[in-house]
Amino acid sequence: MGWNMDWNMRRDHLTRLACAVALALPLVSSTAQAQDRFKVAIGQINNWENQAPTLGDQFFKKNNLALETFGTAGAGETMQPVIAASADFGAGVGVAGVMRAFERGAPVRILLPMFTGTSDIYWYVRANSPIKSLKDATDRNSIAYSTNGSTSHNIVLAFVSDLGTKAKPTATGSPPATLTAVMSGQIDVGWAAPPFGLQEEKDGKIRIIARGSDIPSLKGQTVRAIIVNANALKEKRDAIMRFAKGYREAVDWMYADPKALEMYSEKVKQPVDILAESLKEFHPKSAMQTEQMADLDGAVKDAVSLKFLDAPLTKEQLAEFLQIPPK
């Protein structure tokens, strides 16, 4: 009798435990499935300023997000999947180029400023080139930029309009592809962004002859941004605000924790000391502020003068175009 009672009590306990586990499993599954997934297209994915979505993945996970990132050759290629909704976000997109796409009805909005100023991009020639400065380039020479609508494209057009550069603007894609074109003689003046090319410069293979900061009007402008698909912004607003939060946390970490630079060093196969020098010269943290589009009026004016826009965007258009959440 006592044995039966003991067994019955144990059986009842096991039954209650099994029911509790069964009830808990859907909750666990629901929590696991609540993680929102986003695709992020990144122009020049190995550049330091584009590392937050990759090196800082932990901060997006903390905000219950899973990111799938992929690289492109530049802003033109980055905007295409965002416009087509095959990517939710585009990182490293030239502001003038995305203004043009928005004006023409593309479903793109700026979510965050990404880089202010143009100190991070430079132009170079082979060490034995007779071109010592942009003034030496003639209409028989070519000068590179990545893709149409990119920051490098914007700057090259400004070299022509503001500085009187005569070299022919030519799209060459990524820095590695551009270096190959320069060293093989297909392109006279190449473009790059650190850390790419710094070792070649130290080794005396190339000479830097110009930087984006040579254009006075662009020095204080936000020139690149993170864009978001407009329909995704409407349908997944809460998750997209968490993306913005995670991005900002990742940028802060990149400049606060030495481990970030060590991880970057492993990724791009460059010595930490060279990368540390590069950050001081080309990538101050202030350039990566994410709170406001600096010198927006100047950016709109330049977009018109460089033929990206037919007319300035109105206040109403800008209010729709800029969807930057407060920090």
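The values are calculated or read from the model by the stated rules, or taken from the named source; none is laboratory data. Since the model is a prediction, treat every value here as computed from it, not as a measurement. Backbone-built Cβ (ideal geometry, glycine too); neighbour counts: all protein chains shown. Surface areas here come from the heavy atoms of the whole protein model, side chains and all, with no ligands, DNA or RNA. Shrake-Rupley method; radii C 1.70, N 1.55, O 1.52, S 1.80 Å.
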Expressed as a whole number of Å, what is the distance separating the alpha-carbon centroids of region 280-320 and region 209-245?
9
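How would region 67-211 be classified by its alpha-carbon gyration tensor: rounded, prolate or oblate, with rounded meaning a/c under 1.5 and the a/b versus b/c comparison settling the rest?
prolate
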Angle between the Cα long axis of helix 296-305 and the longest principal axis of the chain, 0 to 90 degrees, nearest 10?
50
Can you tell which of ARG207, ARG248, ARG237 shows the greatest fluctuation in a Gaussian network model of the chain with Cα springs below 10 Å?
ARG237
Compute and list, largest first, the equivalent-ellipsoid semi-axes of region 123-205 from the alpha carbon gyration tensor, each √(5λ) rounded to a whole angstrom.
19, 15, 11
Multiply the residue separation of MET263 and ILE208 by 0.36 nm, subtract the distance between their alpha-carbon atoms, and state the gained length in nm to one decimal.
17.1 nm
Residue-level accessible surface for VAL93, protein heavy atoms, 1.4 Å, Å²
0
Shape call, region 231-327: gyration tensor on alpha carbons, a/c limit 1.5
oblate
Leaving ligands, DNA and RNA out of it, work out the accessible area of SER286 with a 1.4 Å probe and give it in Å² to the nearest 10.
90
Rounded to the nearest percent, how much of the accessible area of the chain (1.4 Å probe, protein heavy atoms only) is carbon and sulfur?
54
Cα-based shape type of region 165-234, given that a ≥ b ≥ c are square roots of the gyration tensor eigenvalues and the cut on a/c is 1.5:
prolate
I'd like the trypsin sites (Lys or Arg not before Pro) in region 111-199 restricted to DSSP loop residues with at most 13 other Cβ atoms within 10 Å, sorted by number.
LYS132, ARG140
Per DSSP helix of 4 or more residues, -39500 (n - 2.57); summed, then divided by the residues of the chain. What does that give at 222 nm, rounded to the nearest 500?
-14000 deg cm²/dmol
Excluding ligands, DNA and RNA, what is the solvent-accessible area per residue of region 64-108 at a probe of 1.4 Å, expressed in Å²?
32
